[in-house]
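What follows is one structure encoded as C-alpha cells, with my remarks underneath.
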Amino acid sequence: MAVMYALFSLLCSSGNDFIFKLFARKPRTRGIFCVLIGLFWGILTLACFNVDWTTWKATLIWGSVIGFFSITANLLLIEAMGIQSAGVCSTIYRLNLVPVVFGAWLILGETVSLIQWIGIILAIGAVLCFLTLPDSGDSENKKLARIGIFMVILAAFLRAGMGLSYKYAFAAKADEFGVTAVIAAYWIIGGFLYALLREKKQVKIDKSLLFYGFLSGVFVAGITIFMALAVKAGNASVTLPIAQMSFPVTFLLSILFLKESVTRWKIFGVILSIAAVLLLCMAK
C-alpha cells in the first residue's frame, strides 16, 4: 500500500502544478487563490486526522516557520508559472532536494555521499539546460522566461527551508497534522496579505477562482495526506523518490493540453532532473 499511497501523492502533485499553470495564465488574484487553497486544505486535513495539541507550542512555532516558507515558495511558483513553462517550473521546483542536502550538510552536520554529489551536479546541469533558450523569439519574452526560472529557483530554496524545518519540528515533538493545519492557516493569512498589499486593483472573486481554489485545495490536501500515509506504511527511501517524480507528468500534461514548446534542451533537462532526484533520494 505504501507504493500506492506514494503514487497518489505523485498524481496530486502533478495535478496541482498543472492547476497552478492553468490559473496563472490569466491575470487573476494569486492571493485570494492561496486563501481558498488554505481554507479547503485545512478543512480536509482536520476532517481526516485527529490533531494532538499536547505539544501545541512546538506545533505552533514550527508550523509558523514552515507555513511562512510554504506560502512564500508557492506564491513565487505561481507567479513563475505565469511567465514560464509549467514543465520547467515544476521540474526545477522538485529539485529542492539539492538545497535540502546542502542545508543538512551545513546546518545539521549530515554527510554528503558521492552519489548525492553526483545528483547535485546533474541537478545543476538540468537548470543550465532550462536556461538555454532558442535563438529565435522576442528579447523581452526571453527576459521574462529567465526571470521565471530565477523565481522558481528561489521558490525551490524556500521549499528546501520548509523541508529542513520539518526535521526540527518533529525533533521538538510537534504534531505532524497540527503543523499541517497551521501551515494551511498561513496560506489563508499570507494570501490575504498578498492580495491586500500587492493586488489591490486585481482582486476579483468569480466562479473560476472558486473552482481553481477548491480543486487545488483538494490536491494539496491529497499530497499531504497520501505522503503521510505512504511514509507511515512503508520505507521512506522507496516512497520519497516516487512522490518526487511528479514533474515528468506535469511536463507531459503541459505539452499535451497547453501545447507548450518542446526543445532538446528541455527534454535533456528533464532526464537529468529525474536522475538527480533518484540519486538524491536513494543515497544512504
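Here the chain has 71 percent of its accessible surface on carbon and sulfur atoms, given a 1.4 Å probe and all protein chains in place. When the chain is treated as a GNM with alpha-carbon contacts under 10 Å, the residue of 266, 21, 200 showing the greatest mean-square fluctuation is 200. Label positions at residue 54 and residue 106, each projected 7 Å from the Cα along the C-beta direction, are separated by 3.7 nm.
Straight-line cross-link reach from residue 204 at under 19 Å between alpha-carbon atoms covers these lysines, not counting any fewer than eight positions away in the same chain: 21, 26. When +1 charges are put on Lys and Arg Cβ atoms and -1 charges on Asp and Glu Cβ atoms, the dipole computed for the range 56-158 relative to its Cα centre reaches about 200 debye. For the range 80-189, the list of trypsin sites (Lys or Arg not before Pro) that fall in a loop by DSSP and count at most 15 other C-beta atoms within 10 angstrom reads 173. Looking only at 181, 123, 171, which one moves most when the chain is put into a Gaussian network model with springs between Cα atoms under 10 Å? Checking each option, the largest mean-square fluctuation is seen for 171. At a probe radius of 1.4 angstrom, the accessible area of the range 1-154 per residue rounds to 45 square angstrom. Since only 177, 244, 276 are under comparison, the one whose Cα sits farthest along the positive direction of the charge dipole of the range 139-284, derived from C-beta charges on Lys, Arg, Asp and Glu, is 276. For the chain, a simple Cβ point-charge model (Lys and Arg +1, Asp and Glu -1, everything else neutral) yields a dipole of about 480 debye relative to the Cα centre. Result for the chain in a Gaussian network model with C-alpha springs under 10 Å: among 249, 182, 51, the largest mean-square fluctuation is at 51.
In the frame of its principal axes, the chain has Cα extents of 60, 51, 34 Å, reported largest first.
The values are calculated or read from the model by the stated rules, or taken from the named source; none is laboratory data. Not measured: the values here are computed from a predicted model. We place every Cβ from the backbone using ideal geometry, glycine too, and count neighbours over all the protein chains shown. Protein only, heavy atoms only, side chains kept; ligands, DNA and RNA dropped before computing areas. Shrake-Rupley method; radii C 1.70, N 1.55, O 1.52, S 1.80 Å.
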